[in-house]
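Report on the structure given below.
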Amino acid sequence: MKRLLFVLSVVVLFGMSSCSSYYYSVLESNDAVVEKNVDKDFIIENDSLIISYCFYGEDAPVSITVYNKMDEPLFVDWQRSALIIDDVATSYYQEKVPVQGQTESVYSGSSYSWSKGYHITDGYSSGSFTGEVALPKGVSFIPPKSKVESTPLKLTNFPFDRIPKEAYSKEKFYKTDSEAVNVKIKRFTENDSPLFFRSYLSLYTIDQDAEKKKYLSFESSFYVAELIKTGNVPPVSFNAGVKQEGDFFYVHKVKGANAGWIVGAVAIGAAGVVIESTLAPDSYNDW
């Protein structure tokens, strides 16, 4: 009986995988201050800080890293920060946000100790921190020369399956194992992209003399520039998937016998932002 159940389970899983589709997306930004690094993360940098966005993963988890270049503490106010889609803002603040980070410093100079006398020192130190800090709700503390990482939101309910099949062009794609497969690709500009969104980050430092907050704000925009529909071709088949590039995310949809299209597993620990479909209700048949 157990053997029969196992066989039936394998048949069901195989049937579901044979009717699944992956939608892969490549994000771009036309902001003048936004650049991509070697990992395809989106970077905003000035003399005080570095902000990095990575969207790799299922349902585009919004992973934000802020590095404090200053010699004074920096704070991220998540309650005053938001993801904005179709002019609707969703706060990055959650009741419980894990805090983790890394520190590093370079030092050079002279010193005097009673046991060793006068000497010159040059060196480098690094470390990491994790835990809880007593701060106002929705605020992250970043010590000097350190960074914090947070993934407060992900995106859900992508309307990609409503794009008409005739809008795609067929192209040959070579997987990481060099096997050639046919895929459907649709490229977009910022004006006709099916997904355009903005991220607004609010940060501050504290003036120790006046005991006042000095706020800084950074707004960045992103859009889907390329959409690839592959059928049952998993992320490891793409170089971007293997490298987990920051501008690359995917949606996995499975068509059950009676259930219609359902979204696959979502990222744990991140709130979901539902994307309202503004596309025409045209759809296409199975891949």
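The values are calculated or read from the model by the stated rules, or taken from the named source; none is laboratory data. All values derive from a computational prediction rather than experimental measurement. For neighbour counting, all protein chains shown are included, and Cβ atoms are generated from backbone atoms with ideal geometry for every residue, glycine included. When the accessible area is computed, the model is the full protein with side chains, heavy atoms only, and any ligands, DNA or RNA have been set aside. Shrake-Rupley method; radii C 1.70, N 1.55, O 1.52, S 1.80 Å.
Side notes on the structure shown:
- Filter result (assigned to a loop (DSSP other than H, G, I, E, B), of a type in the set (D, E, K, R) and out of contact with any Lys or Arg (no Cβ under 9 Å at 6 or more places or on another chain)) within the stretch 28-55: 31, 41
- So residue 211, is it free of Cβ contacts under 8 Å to residues at least 12 places away in the same chain and either on the phi > 0 side of the Ramachandran plot or in contact with a strand residue (DSSP E or B) (Cβ under 6 Å, 6 or more places away or on another chain) (or both): yes
- Contact map, the stretch 136-162: residues that are in contact (Cβ under 8 Å) with a residue 60 or more places away in the chain paired with residues that are part of a helix (DSSP H, G or I) and surrounded by 20 or more Cβ atoms within 10 Å (Cβ to Cβ), Cβ distance under 6 Å, separation 6+ or inter-chain. Pairs shown: 138/78.
- Set 230, 176, 205: member being of a type in the set (Val, Ile, Thr) and under 21 Å from residue 91 (Cα atoms): 205
- Looking across the stretch 217-230, the residues that are open to solvent by 10 Å² or more (accessible area, probe 1.4 Å) and at pLDDT 95 or above come down to 217, 218, 219, 221, 223, 225, 226.
- Residue check for residue 245: within 12 Å of residue 55 (Cα to Cα) and outside any helix (DSSP H, G or I): yes
- When the stretch 176-216 is filtered for residues that are buried (at least 17 other Cβ atoms within 10 Å of the Cβ), farther than 22 Å from residue 54 by Cα and touching a Ser or Thr at 6+ places or on another chain (Cβ under 6 Å), only 183 remains.
- Looking only at the stretch 232-242, and only at residues there that are assigned to a loop (DSSP other than H, G, I, E, B) and buried (at least 19 other Cβ atoms within 10 Å of the Cβ), the one that is nearest to the chain's Cα centre (by Cα): 238
- Among the residues making up the stretch 56-90, those that are within 27 Å of residue 160 (Cβ to Cβ), open to solvent by 50 Å² or more (accessible area, probe 1.4 Å) and either part of a strand (DSSP E or B) or at pLDDT 95 or above (or both) are 88, 89.
- Identity of the residue in the stretch 194-211, closer than 25 Å to residue 147 by Cβ and charged (D, E, K, R), that ends up modelled with the lowest pLDDT: 207
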